[in-house]
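**Q** Following this message is one structure expressed as structure tokens.
None of the figures in this text is laboratory data; all of them are computed from the coordinates on show. These numbers were taken from a predicted model, which means no experiment stands behind them. Positions of Cβ are generated from backbone atoms using ideal geometry, with glycine treated the same way; all protein chains shown enter the neighbour counts.
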Amino acid sequence: MTVRTTGAALTAGITVALSVAAGAPAFAQSQTSDGQATVSVLHAVPGLTVDVFAGDKELLPDFKPGTLTDPMKLDAGSYDIKVFKDGEGPKGTPAIEKTVEVPAGANATLVAHLTADGKPTLDAFVNDTSKVPAGKARLTVRHVAAAPAVDVRADGTVVFKGLENPKEAKGEVAAGTVNADVVLAGTDTVAIGPADLDLTEGGNTIVYAWGSATDKNLALKTQTVTGLHSAPDGVPAGETGRAADGNDDAALGALGAGAVLALGTGGYLLRRRTDAV
């Protein structure tokens, strides 16, 4: 199973951040038998560049909006995350601070984004890596934009109705290219798109609608998890979920599901917190 994204340099930076944190007494981490999780990070707060700190060390400067990191491996455990605006850390007051649990074996994306009313927030989404029926693709749509409820259409047909921030909807569809757009719920008023989406057979194409409707900068980010093929008699999976207190580019709009971690917007400080051995 592989995950296609952009931002290898950022991934390396975050990995270094965790390594540095591990070497400092204040951020000591213990190795356990709980295993690891696969984590990607999406910065979806428009107009807000951030810096990442671990302790007093700057580890991820100038993390720009619209950037999705490559997946990285994190040890399971508890993480303290703080977010600072670019240039304001680590002494200032974080815009966002949150402690998150990283479950072993999870494949997750941490998203810094806006709430429906435009406030920066943190959410995490578990990426569905269950098998996909032969000839099918999984489409996951996540609404992380400052925007009202929307309907998501594929080739003019509504496939997900009334999605709200920070919810997600997902289901299996025929693999191939579809023309997708996002409209205000119950209307034909286009909020984002149209955009062509390449739905890979045996993959999970995850679409994030982010930005602000008021500021007219709504945008689309996609992430693809591949290698989920199953035999022709494989069991399909389709459901609607929500985010918990938990790459290709285009333009669309969409929504969120089940949680597992969290990132910060405004700028942030990553710190690993574990129990004493």
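**Q** Compute the convex hull volume of the Cα atoms of the range 48-207, divide it by the residue count, and report the result per residue in Å³ as a whole number. If you can, show how the numbers build up before the last one.
**A** Details: hull volume 19.7 nm³, N = 160.
So the per-residue Cα hull volume is 123 Å³.
**Q** Taking other Cβ within 10 Å of each residue's Cβ, how do VAL178, VAL144 sort, fewest first? Intermediate results must be reported in sequence, preceding the final value.
**A** Values: VAL178 22, VAL144 31.
By the 10 Å Cβ count, ascending, the order reads VAL178, VAL144.
**Q** Under the Karplus relation 6.51 cos²θ - 1.76 cosθ + 1.60, θ = phi - 60°, what is the ordered set of whole-Hz ³J(HN,Hα) values for the range 172-182, x standing for Gly and Pro?
**A** Ordered by residue, 3J(HN,Hα) equals 8, 9, 5, 5, x, 9, 10, 9, 10, 8, 10 Hz.
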